[in-house]
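Just so you know, all these numbers are worked out from the coordinates, no wet-lab data involved. In this text the structure is predicted, and so the values were computed from the model without any measurement. Glycine gets a Cβ as well: all are built from the backbone with ideal geometry, and neighbour counts include every protein chain shown.
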């Protein structure tokens with residue numbers, strides 16, 4: 001499988017060249033009949049947006065064609081490409097849903113309508129404070145709640161809606177400099193706080209990085225400038241060093257007959273900004289400022305490479321992470337190891353197969369890649385289980401503050417994975433406790449939880465769980481939840497059940 005690359009910025013192309021690149025991409029994996037229908041959609045969109053310009057001065061049609069091109073590089077199906085070309089027609093032109101349904105299909109019309117609804121978020125009047133207020137004065141999280149809730153509902157119905165919306169956001173961010181300053185900040189904030197975390201939750205690491213790094217200079221202009229001034233000289237120095245190291249590594253791998261690709265990955269700017277905040281701007285503590293990626297052909301090769309690295313360089317204690325044996329909740333697989341390399345330098349290596357690399361870059365979207373038989377592999381229900389679970393829980397949450405807290409905990413917090421004594425893996429937000437774990441396993445277990453063991457030792461119920469912990473819940477029939485559990489539980493499911501049972505105690 002070819003490892004696809006996604007550039008940080010889309011090259012600004014004139015329409016004829018952009019269209020040529022789109023259709024050159026499509027012919028690689030779609031049938032002649034599919035391409036004919038997409039050609040029809042292109043002409044339909046071009047005519048619909050005729051005479052309309054964007055702030056950049058480009059003809060409006062450049063925008064949907066750019067999005068279609070981005071999605072074609074992920075080998076999206078015909079309906080998604082057509083819907084991406086038409087995604088702004090209902091909102092910005094005289095075209096109606098029925099026009100699209102008649103000209104194309106109900107499937108395409110439904111996707112376009114869902115993307116349009118996502119773009120037209122309405123604020124619930126019950127969220128307004130007493131007295132009249134303007135839209136601008138509504139607190140930021142209340143506006144976000146409407147966006148996220150509608151997005152999750154649309155995603156649970158058809159994940160292709162969010163693929164189009166994310167590609168739409170990326171292109172809008174790439175042309176953000178042409179917009180008025182007030183719009184720049186609003187659009188960038190929405191991207192960095194809402195769309196980027198959802199891309200991350202879907203495992204789309206490359207798109208999350210794009211959304212964050214394109215937004216970063218508009219949301220935190222001063223910090224963005226300082227980070228680059230601080231890090232760029234160090235990145236250049238580390239890159240020179242890593243080139244010397246990889247010459248040695250390539251020789252070792254070749255001698256052991258392991259086919260490989262080696263490249264460097266500089267840490268994304270916004271990710272670096274967040275990490276430096278934890279370390280008081282000390283770059284020396286950021287060992288993955290540039291990570292070395294080693295891409296091989298098989299899982300067996302991944303472990304062989306790990307052994308060869310450790311045979312030559314001493315690993316740091318606690319810095320070996322096997323995400324192949326234990327993938328991250330969003331599907332990410334790789335082996336990470338941090339070692340004391342030559343000249344006493346600390347280096348992080350990431351080892352993965354080509355398939356794992358593609359999954360790491362594009363997450364759930366990688367499941368749509370067309371195989372040789374030109375049949376797309378759709379995401380399974382399990383891939384989107386977390387969305388369905390959140391939607392069910394959120395129906396009973398009336399307060400925007402509580403819903404925002406629930407979203408932050410269940411969707412946007414960093415995730416950890418812990419084990420039952422039987423070895424089953426449970427995915428929880430960072431900072432979760434044994435009580436959260438008990439309710440995650442089963443509501444009845446949470447309601448009758450009287451104690452817990454972590455890694456075989458008795459632990460407090462408010463203990464914060466760590467990645468890889470083995471958790472055993474001590475259950476008693478006469479045990480029941482306490483209202484003070486609300487002071488330390490993290491997950492919305494645990495909190496809603498505790499509130500339900502302890503209503504009289506509150």
Pull out a ≥ b ≥ c, the square roots of the eigenvalues of the alpha-carbon gyration tensor of the stretch 222-368, then state rounded if a/c is under 1.5, prolate if not and a/b is larger than b/c, and oblate in the remaining case. oblate
For the stretch 20-98 and the stretch 411-482, what is the centre-to-centre distance using only Cα atoms, to the nearest Å? 48 Å
For the pair residue 96 and residue 52, how long in nm is the line joining their label points, each one 7 Å along Cα→Cβ? 1.8 nm
Please report the spacing between the Cα centers of the stretch 279-347 and the stretch 189-248 in Å, no decimals. 19 Å
Given 427-440, 344-357, the highest-first ranking by average Cβ count within 10 Å works out to 427-440, 344-357
For the residue pair residue 261 and residue 444, what label-to-label distance in nm results when each label sits 7 Å from Cα along the Cα-to-beta-carbon direction? 5.1 nm
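Which of rounded, prolate, oblate describes the stretch 283-375, given a ≥ b ≥ c as roots of the alpha-carbon gyration tensor eigenvalues and a/c under 1.5 marking rounded, otherwise prolate only if a/b is larger than b/c?
The shape class here is prolate.
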What's the extension gain from residue 119 to residue 467 if we count 0.36 nm per residue and subtract their Cα-Cα distance? 121.6 nm
Over the Cα atoms of the stretch 413-505, how large are the radius of gyration and the largest Cα-Cα distance (Dmax), in Å? 12.0, 37
Determine, from the Cβ-Cβ distance of residue 343 and residue 277 and an R0 of 35 Å, the FRET efficiency 1/(1 + (r/R0)^6), rounded to the nearest 0.05. 0.75
Here the FRET efficiency for residue 503 versus residue 430, based on Cβ atoms and R0 = 41 Å and rounded to 0.05, is 0.90
Calculated FRET efficiency for the pair residue 487/residue 252, C-beta based, R₀ 45 Å, to 0.05: 0.30
